[in-house]
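Worksheet for the structure shown next.
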Amino acid sequence: MTDTFHFYEPAQGHGLPHDPFKAIVAPRLIGWVSSMDQSGTLNLAPYSFFNALNAEPPMIGFSSYGYKDSVTNIEQTGEFCWNLATRELAEAMNASSASVDAMTDEFALAGLTPAPSRVISVPRVAETPVSFECRLCHILRLDSADGTPTNNWLIIGEVVGVHIAQDMLVDGIYDTARAEPIMRAGGPADYFSVSDTQRFRMKRPD
C-alpha cells in the first residue's frame, strides 16, 4: 500500500488534467433515457450518472446536469424508458448525445427505431436487448452539503415493465455479459464493455 496520495478538496479544484471523480466511480451503466413531451415529440439522451436504487419495487435513477429536455418531458408525462446501451449500439448512443433543439427526434438522428411500450406511452429503443418502462416517483433538485441548490436534478422512476430479448436468457437466467453492455469510464472519451472473460463467482457467506 502506498503512503503517497494526491489529495484535494473538490471545492478548491483537483489540480489534474481531468476530473478524477467520474473515473474513480466507474464504470457506470449509462442512463439511456427515452421520453416524450405532451405533443408527442420524442427525445432520447444518455446520462452518465445512473444506477438501480431499489429492488422491491424496482426503481432506477439518473442525474441530469441542468433541467434538460428529458427532465421537462418526464415532469410533463410522468413516464420514461431506460434502454440498455450495448457495444453494438455504442455509436448510436453517442449520436443521441448531440446538443440539439427540443424538437429534434434523437431516435431519427441516431438511426434508431421507436418501439411501442406495453404499460406506458413512451416508446423504447427497438434495437436494444433490454428496456425498462418507468413511471416517475421523484424529481429532486440536489443541494450541496451547505444547502446551496445545484444545477443538478435527480429523477427516480419505478420500473413497471421490463423487456428482455429471449436470447439474453440462459436457462431462464439473464446473462449480463451476453448483451455486452457498455459503461462510462470517466475520462474524456473512455468507455468499458463487459465480456464473459471478466466473469468470476463468489457466494455470500452463510
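Amide H contacts for V162 (H built 1.01 Å from N in the peptide plane; partners 5 or more residues away or on another chain; cut-off under 5 Å): E133. 3J(HN,Hα) couplings calculated from phi for segment 119-130 with the Karplus curve 6.51 cos²θ - 1.76 cosθ + 1.60 (θ = phi - 60°) are, in sequence order, 10, 10, 8, 6, x, 9, 7, 5, 7, 8, x, 9 Hz; Gly and Pro show x.
A simple count of charges around M183, restricted to other residues whose Cβ falls under 14 Å of its Cβ and scoring Lys, Arg +1 and Asp, Glu -1, yields +2. Determine the distance separating the Cα centre of segment 128-185 from the Cα centre of segment 69-96; give it in Å without decimals. Centre-to-centre distance over Cα atoms comes out at 10 Å. Shape analysis of the chain places it in the oblate category; the axes a ≥ b ≥ c from the Cα gyration tensor give an a/c of at least 1.5, with a/b not above b/c. For the chain, relative contact order (Cα pairs under 8 Å, six or more residues apart, normalised by length) works out to 23 percent. Electrostatic tally near A95: other residues with Cβ closer than 13 Å to its Cβ, Lys and Arg +1, Asp and Glu -1, net -4. The phi torsions of segment 36-52, fed into the Karplus equation with coefficients 6.51, -1.76 and 1.60 and a -60° offset, translate into couplings of 8, 7, 5, 8, x, 6, 8, 9, 9, 8, x, 10, 7, 9, 8, 5, 7 Hz, rounded to whole numbers, with Gly and Pro shown as x.
For segment 22-198, a simple Cβ point-charge model (Lys and Arg +1, Asp and Glu -1, everything else neutral) yields a dipole of about 220 debye relative to the Cα centre. Put in order of Cβ neighbour count within 10 Å, fewest first, the listed residues E79, E91, E158 become E91, E158, E79. Converting phi to 3J(HN,Hα) with the Karplus coefficients 6.51, -1.76 and 1.60 and the offset θ = phi - 60°, segment 177-186 yields 5, 4, 6, 6, x, 10, 9, 6, 10, x Hz in sequence order, with x at every glycine or proline. Within the chain, which is the longest segment that contains none of the trypsin sites (Lys or Arg not before Pro) sitting in a DSSP loop with at most 12 other Cβ atoms within 10 Å? Within the chain, the longest run free of exposed trypsin sites (Lys or Arg not before Pro) spans 1-117. Note on the chain: GNM, Cα springs under 10 Å; of P46, P123, P58, the largest mean-square fluctuation is that of P58.
If you take all other residues with their beta carbon under 12 Å from the beta carbon of F80, and give Lys and Arg +1 and Asp and Glu -1, the sum is -4.
Rule-based calculations on the coordinates, nothing more; no lab input. Computed from a predicted structure; not experimentally measured. Positions of Cβ are generated from backbone atoms using ideal geometry, with glycine treated the same way; all protein chains shown enter the neighbour counts.
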